[in-house]
1. Test of understanding: among C:P276, C:P317, which residue is touching a helix residue (DSSP H, G or I) at 6+ places or on another chain (Cβ under 7 Å), farther than 29 Å from C:L9 by Cα and not aliphatic (A, V, I, L, M)?
2. Taking the criterion of being part of a loop (DSSP other than H, G, I, E, B) and either out of contact with any helix residue (DSSP H, G or I) (no Cβ under 7 Å at 6 or more places or on another chain) or within 14 Å of chain B (Cβ to nearest Cβ) (or both), would at least one residue in region D:168-178 satisfy it?
3. Being part of a loop (DSSP other than H, G, I, E, B), under 18 Å from the mean Cα position of the chain (by Cα), crowded, with 21+ Cβ neighbours inside 10 Å and small (G, A, S) is the requirement here; does A:S302 meet it?
4. Among the listed residues B:V310, B:V346, which satisfies the condition of being within 24 Å of the chain's Cα centre (by Cα), within 14 Å of chain A (Cβ to nearest Cβ) and surrounded by 23 or more Cβ atoms within 10 Å (Cβ to Cβ)?
5. How many of the residues in region D:314-365 are without any contact (Cβ under 8 Å) to a residue 12 or more places away in the chain and either closer than 25 Å to D:L296 by Cα or part of a helix (DSSP H, G or I) (or both)?
6. Anything in region B:135-157 that is more than 15 Å from the chain's Cα centre (by Cα) and not in a strand (DSSP E or B)? List them, or say none.
7. Output the residues belonging to region B:313-343 that are more than 14 Å from chain A (Cβ to nearest Cβ) and among the hydroxyl-bearing types (S, T, Y).
8. Got a number for residues in region B:284-295 being surrounded by fewer than 24 Cβ atoms within 10 Å (Cβ to Cβ) and not basic (K, R)?
4 protein chains.
Amino acid sequence: MQKIQVGVLGATGAVGQRFVQLLQGHPWFEITALFASERSAGKRYVDACRWNLRGDMPTALHTQVIHECAPGPECQIVFSALPSETAGEIEKAFAAAGYVVCSNARNHRYDPDVPLLIPEVNPEHLALIDIQKRARGWNGYITTNPNCSTTHLVSALHPLHLRFGVTKIFVVTMQAISGAGYPGVSSMDILDNVIPYISGEEEKMELKEPQKLLGTFDGSGVRYADFVVSAHCNRVPTRNGHLEAISVEFAEKPTQEQIVQAWRDYQPLAQQLRLPSAPQPAILYDARPDRPQPRLDRMAGSVAGMATVVGRLRPDPLLHYKFMALGHNTIRGAAGGSLLNAELLVALGYLGQEAALLAKSTKFA
Amino acid sequence: MQKIQVGVLGATGAVGQRFVQLLQGHPWFEITALFASERSAGKRYVDACRWNLRGDMPTALHTQVIHECAPGPECQIVFSALPSETAGEIEKAFAAAGYVVCSNARNHRYDPDVPLLIPEVNPEHLALIDIQKRARGWNGYITTNPNCSTTHLVSALHPLHLRFGVTKIFVVTMQAISGAGYPGVSSMDILDNVIPYISGEEEKMELKEPQKLLGTFDGSGVRYADFVVSAHCNRVPTRNGHLEAISVEFAEKPTQEQIVQAWRDYQPLAQQLRLPSAPQPAILYDARPDRPQPRLDRMAGSVAGMATVVGRLRPDPLLHYKFMALGHNTIRGAAGGSLLNAELLVALGYLGQEAALLAKSTKFA
Amino acid sequence: MQKIQVGVLGATGAVGQRFVQLLQGHPWFEITALFASERSAGKRYVDACRWNLRGDMPTALHTQVIHECAPGPECQIVFSALPSETAGEIEKAFAAAGYVVCSNARNHRYDPDVPLLIPEVNPEHLALIDIQKRARGWNGYITTNPNCSTTHLVSALHPLHLRFGVTKIFVVTMQAISGAGYPGVSSMDILDNVIPYISGEEEKMELKEPQKLLGTFDGSGVRYADFVVSAHCNRVPTRNGHLEAISVEFAEKPTQEQIVQAWRDYQPLAQQLRLPSAPQPAILYDARPDRPQPRLDRMAGSVAGMATVVGRLRPDPLLHYKFMALGHNTIRGAAGGSLLNAELLVALGYLGQEAALLAKSTKFA
Amino acid sequence: MQKIQVGVLGATGAVGQRFVQLLQGHPWFEITALFASERSAGKRYVDACRWNLRGDMPTALHTQVIHECAPGPECQIVFSALPSETAGEIEKAFAAAGYVVCSNARNHRYDPDVPLLIPEVNPEHLALIDIQKRARGWNGYITTNPNCSTTHLVSALHPLHLRFGVTKIFVVTMQAISGAGYPGVSSMDILDNVIPYISGEEEKMELKEPQKLLGTFDGSGVRYADFVVSAHCNRVPTRNGHLEAISVEFAEKPTQEQIVQAWRDYQPLAQQLRLPSAPQPAILYDARPDRPQPRLDRMAGSVAGMATVVGRLRPDPLLHYKFMALGHNTIRGAAGGSLLNAELLVALGYLGQEAALLAKSTKFA
């Protein structure tokens, strides 16, 4: 069986390159279209893209000619690594034209009919897709993944929320430079320094994303969860891996052991489905006193860069408990998050029953 | 008039060098004795000390011969930069022998009869000195300064506590490598990394130091303040300057403007006395959205490295307000803190009335 | 007496800010005009400039309104921090209009009638000024300072060249990120990395600048020195301070002691004239085995950032000797170099005899 | 067939951990003995060793009990990661007792009867083993690998030396912090800094190692090659990967194309034998103008960390050509170098003909 054909929107940028890297050798997907800005369109990928990741650009893509960001080229899914300046309209055009858009951009995350999705956390929100298609009259549709900092915060809290009900969250992030893209943060600003400000980041974490992700689908839309979040966001001189100091209060206060157990027992749908990019387990609990650390743990787990690592769990004098969470920001927190979303769509039949069955038997070739 | 003779205990280490550096050209004090471990005793300072600060070792001290850490050499004040393994007993021996000990070590900070002092914050705690001398039968006495992270947290909160009464504090620190001394943090551990753990640090900030510093002297001892503190302490790859993300709740919730005003109006005793190492003002409020930053602001203010810089004040969804505080950890947070304590002692007559008068007229030579 | 009025071309950029910083409180000069691109012209300096240096923007300049980069505003000297894309024509326009242009840009460095100047090294090349004015029919004129890497290489070698005649130079640079301006080097490129390439840098060091600087004025022009230079240029993750590993061969091989003596005896015209920005001495020789180091030594000497520090002198198995040289790249290697050039012009009468006399007596106010 | 049993001397240190990591899943070798200092002996590996590499300590070794560094435990080969303070005598004791010692320590590198070996470069030097065994009356023997900086210098030059005869070498190294072990370089020394000195390093590169490695075995010993080397060694703030700026002169000057061709054609014995840790090819030539770079290229090639990457080839004004070379210092430059040596010994029959045949057929299990 043929693999599912996919495209990458914004393929020459930092997140676009991650998509290309993660899609290499993927068991279900193959890249058949690369899209980028007018400046790059018409050029070969190897000429238009300054490859910035460790390891080389996949040779098979060197000579692929880049398309403008407009519907047309043959593929079923497009992964969007577009900047928010352009993502909004382009993604709508693709969805209208029948493509499945798995977007890492923030533009449609808060649209009431667009799923903001972490496969482990809220697969039931995919019910929004039908609502979206109907409301907009589209053949295709858009799904989105959350911001890199939100992803790991919510991933770490989800099993606790299920059992004990999160009511208050205090979070201070120490975010890696790759979160700002390329060239992104000037070395003049970050060498021997911390920048205690990331534009728009605290708003996303306090008001929008965690509440939607952990909200409940009520048949017509997502009712936002009603816990309160306080977030301070900082940029630190690490390359990859967002580290977060988290304090949390619950509706029912568990014991420390119960929290660890909730993390250990966590085996959500995405893991049960054995999606190719789903780490087993989703959450790694490290009991050592000085972990997780970005350099040592950002690639931990069975699928490099896709797990959330938690540690330093201890009582909090103000709320109930505090702990550290860490995750890779450009893999699970961006391109890898979108990719896992696409895998969930396939497995749950949103790309057709045939694809779902093939995915199950991994008969793609 | 002769300057007051002072000594430095642990003069070859990282904090000891800062004492030596800060005492260069001091209007009131001159170094007449350098003390270090047995290994260094008997050697010239230039031979025993691997000078590690920018700028050179003061030439006048090159040939001073280092003493063992025992009473004897002539001086009135000894500044203690000793490690906690040895500071406890040595400092007691000096105080018993009649020296004024201004210590940066943690050993005696929590002794009920030893002042834990920030001159701007709790000069009235100096009343403990008489109690200490009587209780222990000493001619001399010990004063201490708090831990580097506590210093700037409490400095930033003190004017707010005076007006609005602090009840709850959340703090997440991002601490510089110099806080661990020399050689301290291995480059293998911190390059491209954050370490979410500093041994003993959270305990000091949560349970011991802020409550004593902002406590009230009731005639016989210090009644600890009863606010609650939650602290997460992290080591980040910056050289100097501890940055702290702080959320705070008050007995009476002020407006944002009232908080800024409280910082701007702040003019405590140490500043009124115009102590040589007291920055004017003590607290710098920076309204720019991305400040304070360690590299840009750790040396800010009228006395380099002695001020606390605050910024990013904004409402907090859980407590009342949140903001960032920054201060130099080895200057105000260590050696400079002890030095300012000694200046306060002189100005308030704890080294005799003659010294106090001379200090006022700056007639030392 | 009034100070000499000066302007800064490109005042909002990284080098422009250094000019502004170094001119603060200058005994001879005061800034009366700030020039920048169209985008900034008409705005107040505080609004147009994102101040990027430690310490604050001088308050006196906050409200100065920025001019477009065209002759007109009143001042005698303009310091040019313009990028090479625009410096060429703008500097010529100012010189034609009668201004003295002290430029840090590379555009006119290799013009046969424009002095490429290090005051300690080749003050006799100022004879080109008359030739330039005559040839071009200008009232004003242009002088330039060399590239940051060349500056310290040539400064370290000049006293040796005078005594022993340099014939071959091998140099490998490890250059700081600030050399690329702001935002300059992306943190994504340089964290945990070295970039073994700086566009155009090796050509300047191998073929153009050292040979002109150490060339001889023969009455009508500069005869280039004829030694051979091999340069490898690298970018390393340091903020400031270019470090250079240098091997050298001489016409007459000196002893190691004679080299040290040549550095120690070095007392060129700029130092004899006691120019305000001339460090005393110009070259610092450090005998410690592991010096100079960028962090510890880039601000060494009597005028911070203006000296060249040399060390690790030892025999070289291929050429005669090898050693390390270090200097600040944005102070002496850029803005400070231009400033010292201007001071030399004043002292030698190139801004009129009255100014020269006043400079001597420091009667400016 | 059973795999060959191997031990690791100094298994808890930085290089020891690399040995353990690289031996995981090795097709020919399995670890049956871990040796460390008295302090660790008797403890389980998981308790005695602070694992410091990305990825976890192999679980199978957690409960292995550590031996003192003395002969006895069953294994044929011991890999030595001992510090030079203790390596000398311990390695001799093991060799005398019949073990094959593959050492990364410097102690015996320059012994006339001990091979200093890079499998690609000088396999014929293994003839020293018989001479060594006879001279010392040992059943076992010692082989060594060169210093991390020498390894990549000589690897890059070997194919050129074969064709054109190297006569003069200039090399300036920019070495990673991991080269100094753990804790090794203090973060206080290297953050925002370069240290232009590594004790003993220049002597090894100038006088001892390249000449022995590229020397010829004359039947009784190694006649040192007679080219001249000038080396400046520097420590820079990169984690892994030594970068070297190299200029070289040849007996017969080749064209630039001939040099590239020599690198491309290079297919020495170790690669022909398809040793498991031999990268294919051994040398990677990168034509991009700004490569190799430590972060991007240190793990390049078919066996991560084992190749040498060269680039920036261009004419040198003083010698013939200059270029950059890069290689991983703790993999190929240390533990991986020793491991490849052991593989060569097996393949060439130095552990018996049976092992050699099995290795060829990879019938180990």
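The values are calculated or read from the model by the stated rules, or taken from the named source; none is laboratory data. For clarity, every value in this text was computed on a predicted model and none was experimentally measured. In this analysis, Cβ positions are derived from the backbone assuming ideal geometry, glycine residues included, and neighbour counts consider all displayed protein chains.
1. Working: C:P276 fails: farther than 29 Å from C:L9 by Cα.
Of the residues listed, the single one that is touching a helix residue (DSSP H, G or I) at 6+ places or on another chain (Cβ under 7 Å), farther than 29 Å from C:L9 by Cα and not aliphatic (A, V, I, L, M) is C:P317.
2. Yes, there is a match, as at least one residue in region D:168-178 is part of a loop (DSSP other than H, G, I, E, B) and either out of contact with any helix residue (DSSP H, G or I) (no Cβ under 7 Å at 6 or more places or on another chain) or within 14 Å of chain B (Cβ to nearest Cβ) (or both).
3. Values: part of a loop (DSSP other than H, G, I, E, B): yes; under 18 Å from the mean Cα position of the chain (by Cα): yes; crowded, with 21+ Cβ neighbours inside 10 Å: no; small (G, A, S): yes.
Considered against the rule, which asks whether it is part of a loop (DSSP other than H, G, I, E, B), under 18 Å from the mean Cα position of the chain (by Cα), crowded, with 21+ Cβ neighbours inside 10 Å and small (G, A, S), A:S302 comes out as no.
4. B:V310
5. Within region D:314-365, residues that are without any contact (Cβ under 8 Å) to a residue 12 or more places away in the chain and either closer than 25 Å to D:L296 by Cα or part of a helix (DSSP H, G or I) (or both) number 5.
6. B:A135, B:R136, B:G137, B:W138, B:N139, B:G140, B:L157
7. Of everything in region B:313-343, those that are more than 14 Å from chain A (Cβ to nearest Cβ) and among the hydroxyl-bearing types (S, T, Y) turn out to be B:T330, B:S338.
8. 6
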